[in-house]
Amino acid sequence: MPMKQFAGILRVFSSSLSIRTLSTDSSSNARNTVQLLLQRVGNRKDTLVPVLDGWLQEGKTLTPTILEDLTRTLRSQNQFEQALQVSDWMTQQRNLQLSITDIYFRMDSISKVHGLEEAEKYFESLPDSMKDKQVYTALLKCYSQFRCLEKAEATLQRMRELGFATEALSYNIMLKLYAKLGKHEKVDPLLQEMQEKGIDSDSFTVHTRFNAYVDASDMEGMQKYLMKMEANPCFSVDWYTYIGAARLYEKAKLHEQAAQMLKRAEELITDEKKRKSYEIFLALYTDIGSKEDIFRNWELYKDMGNQFYVMTISSLVKLDDLDGAGKIAEEWESRYASVGVPRLMISAYCKRGLLEKAETYANRLTQNGKVVDAFTWSRLAIAFKKADQMEKAVEYMNKTVLAIQQAKTKRNHKTILGCLHYLREEEGIEAAEEFVELLRIKGPYSMDVCDGLLSKVKR
């Protein structure tokens, strides 16, 4: 019987198995079973074999739908090794025939776990009757992932000869590979071939072509294609497309046009995309120097957590707006207690020689019960050392040591070592040696410990 008649079906060879093929198995029941199976797995590194065996020993059923959904779920979570375990369990331990879909999943998982060569060996081991369009597509995808252009092109040509190159998916894989390799001149001929064959472009095709213009810094091509996308009533331009356009405009120093693209992108952001999109918008608004938009976005997103304060302050520091960063830092103080913001602000003040502001800010934090960590105190110490104010430098290095002692009962030499490396890079090895001597005299470190720290700094 031809293999194609078994596509999507798992055939049981051993009558003693309790795996049954149930055509009535609903997708919702399959999803529930998959979740229950995954809950029995301790962590991402544990094998699934005992879980599957135990499930059957309890007299429960594993159907083709369940096993395929389990593999699909594992792959979506990048747990390719466990997905491969399911495939091995089906074929090696339970003597089951894989469907074409299972073969597709297996080949792709093999390439990710064991490498391209093993995936090729698996493909060659299959009988010709099992090498259908889907299996060749899996091989093509493997070559694309490993950026093997010649093998990918040869595979697509073989698919053409076999009559398998009839869907957008195989062309999309090649388009993506051409884009990754910068072979932009090969994109349009492939799109032309799709058009001549009557293969409809899907959203991936369109986005891949658009991104190829962006990657090639083809401003004119990008603008024309974006207009075509916007004019097509059958296609909706998503927010990330406008982000791509904004990046190209920013690269060309066309900041006004970049801002316009970012505004269009913002209009398309849904609530579930807010957290993912904020950092992208913030980085681009920082790149084009739009402080107004940084503050506007911060007002929209600040209630989503401490990290949004840290990222916004970091952007304003990059734009040298310490007053604006300070205002946001003041609001942060009333809501959070992490060390990220003090690090940013004090480092920024010290870098610009604003030592009085840095000192005042650090003292206010401690008076208000905020944590100033060893790393932050060390920045003050180094800044005063550079300003040749040694009394202050010693004071803050001692606070650095005290902060380490308070944080852990065992002294963390890595923090001190990081400070010394930083000082060596900023002022040279002599400055680091002076500081080690101060640690020996003023701090709680023995001569042997100080000599050990200094030897590591000199490496």
Just going by the charge dipole of the chain, with Lys and Arg at +1 and Asp and Glu at -1 on Cβ, which of Leu438, Gln195, Leu380 is farthest out on the positive end? Leu438
Cα long-axis angle, helix 116-125 against the chain (0 to 90 degrees, to the nearest 10): 10 degrees
Give a quick list of trypsin sites (Lys or Arg not before Pro) in region 224-305 that DSSP marks as loop, anything other than H, G, I, E or B, with at most 15 other Cβ atoms within 10 Å. Lys253
Which listed pairs, of Lys228/Lys251; Lys351/Lys392; Lys351/Lys386; Lys357/Lys399; Lys224/Lys251; Lys121/Lys183, have C-alpha distances above 20 Å, in listed order: Lys228/Lys251; Lys121/Lys183
Before anything else, pin down the relative contact order of the chain: Cα pairs under 8 Å, at least 6 apart, normalised by residue count, whole percent. 6 percent
Taking K and R as +1 and D and E as -1, what net charge do the other residues with C-beta under 11 Å from the C-beta of Lys291 add up to? -3
Rg and Dmax of the chain, Cα atoms only, in Å: 30.0, 89
Here, region 249-371 modelled as identical Cα point scatterers in vacuum has Debye log10 I(q)/I(0) at q = 0.14, 0.15, 0.22 Å⁻¹ of -0.63, -0.71, -1.23
From zero outward in steps of 10 Å, how is the percent of C-alpha pairs of region 137-269 spread across the bins? 12, 40, 30, 15, 3, 0
Tell me which aspartates and glutamates have Cα within less than 15 Å of Lys197's Cα, excluding those fewer than 8 residues away on the same chain? Glu161, Glu167, Asp188
What relative contact order, as a whole-number percentage, does region 48-149 give when Cα pairs under 8 Å and 6 or more residues apart are counted? 22 percent
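Throughout, read-outs are computed from the coordinates displayed, never taken from laboratory work. Note that the structure is a prediction, hence the values are computed from the model and not measured. Cβ atoms come from the backbone with ideal geometry, glycine included; neighbour counts cover every protein chain shown.
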